[in-house]
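Asker: The following block contains the structure, expressed as structure tokens.
The values are calculated or read from the model by the stated rules, or taken from the named source; none is laboratory data. Predicted model, so just to flag it, every value in this text is computed and none were measured. So basically every Cβ, Gly included, is an ideal-geometry build from the backbone, and we count neighbours across all protein chains shown.
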């Protein structure tokens, strides 16, 4: 394992965008395969859980293999900094949680499953996009790394064409997630941690996940009409624009040398 690490680590550092593209293709292909299998077996939610678990293990495995785990944000509170910059993501988390007050939850089981799904989504996507990909792209500088990782984040949501089948809806979602990805990546660099972002990310998704699980329990399916492009624009693109603008602003006070990985932090 040590020989494999010393053989591949220089290539990863020499070709950051190539490594990022390969990692993204592997992750995206895995997600497509699991989603298609779930649709064929009629077990979409089970396939969703399987995908989230496998994607999380993939991201954490790559971070450990490259010895980026702590540098990428899976570290102790003693290494956190500038936590005040999270005020806007926290405020938006409350905005995304607010629909829960109007959703009649049929059972505690639905809420528990939705919460677990949201947490796994937060872990999967933060570890993959703001962990592996952002860390890999840092040689291009913090702003370029933030934008490129967000581009991958937006592209990663194109798999929802298999779920919704509506190109307008999915492309609107891809734009919104790109913008949110810019803000989240900037916050990760400023705070030097992923833990709060995983929880905030889960809060962003929880109300939607409760709706999806409610539909599944009731034996119905969420329709594209329930997630129209206009609604996606209201809940993703507009808050995303705000978060992306904020992210680029807080990067103005981020010293590029703070993004480099010291030997001690990389272990």
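Asker: Can you spot a residue in the range 106-126 that is outside any helix (DSSP H, G or I) and under 24 Å from residue 72 (Cα atoms)?
Answerer: No - not one qualifying residue is present in the range 106-126.
Asker: Something else now. Confirm whether residue 124 is crowded, with 22+ Cβ neighbours inside 10 Å, touching a residue at least 12 places away in the same chain (Cβ under 8 Å) and farther than 21 Å from residue 238 by Cα.
Answerer: Details: crowded, with 22+ Cβ neighbours inside 10 Å: yes; touching a residue at least 12 places away in the same chain (Cβ under 8 Å): yes; farther than 21 Å from residue 238 by Cα: yes.
The answer is yes for residue 124.
Asker: I would also like to ask the following. What do you reckon, is residue 148 in a helix (DSSP H, G or I), surrounded by fewer than 16 Cβ atoms within 10 Å (Cβ to Cβ) and touching a residue at least 24 places away in the same chain (Cβ under 8 Å)?
Answerer: Numbers: in a helix (DSSP H, G or I): yes; surrounded by fewer than 16 Cβ atoms within 10 Å (Cβ to Cβ): no; touching a residue at least 24 places away in the same chain (Cβ under 8 Å): yes.
No: the conditions fail for residue 148.
Asker: Taking helices (runs of 4 or more DSSP H) that do not extend beyond the range 163-267, which have at least 2 residues that are at pLDDT below 90?
Answerer: Numbers: elements: 167-191, 195-217, 229-232, 238-250, 263-266.
Those helices (runs of 4 or more DSSP H) span 167-191, 195-217, 229-232, 263-266.
Yes/no matrix, rows are residues, columns are (1) modelled with pLDDT under 95; (2) touching a helix residue (DSSP H, G or I) at 6+ places or on another chain (Cβ under 6 Å):
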residue	(1), (2)
2	yes, no
8	yes, no
18	no, no
26	no, no
52	no, yes
59	no, yes
69	no, yes
92	no, yes
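Asker: Can you confirm whether residue 64 is out of contact with any helix residue (DSSP H, G or I) (no Cβ under 6 Å at 6 or more places or on another chain) and either farther than 24 Å from residue 243 by Cβ or modelled with pLDDT under 95 (or both)?
Answerer: On the way: out of contact with any helix residue (DSSP H, G or I) (no Cβ under 6 Å at 6 or more places or on another chain): yes; either farther than 24 Å from residue 243 by Cβ or modelled with pLDDT under 95 (or both): yes.
Taking the combined requirement at face value, the residue satisfies it.
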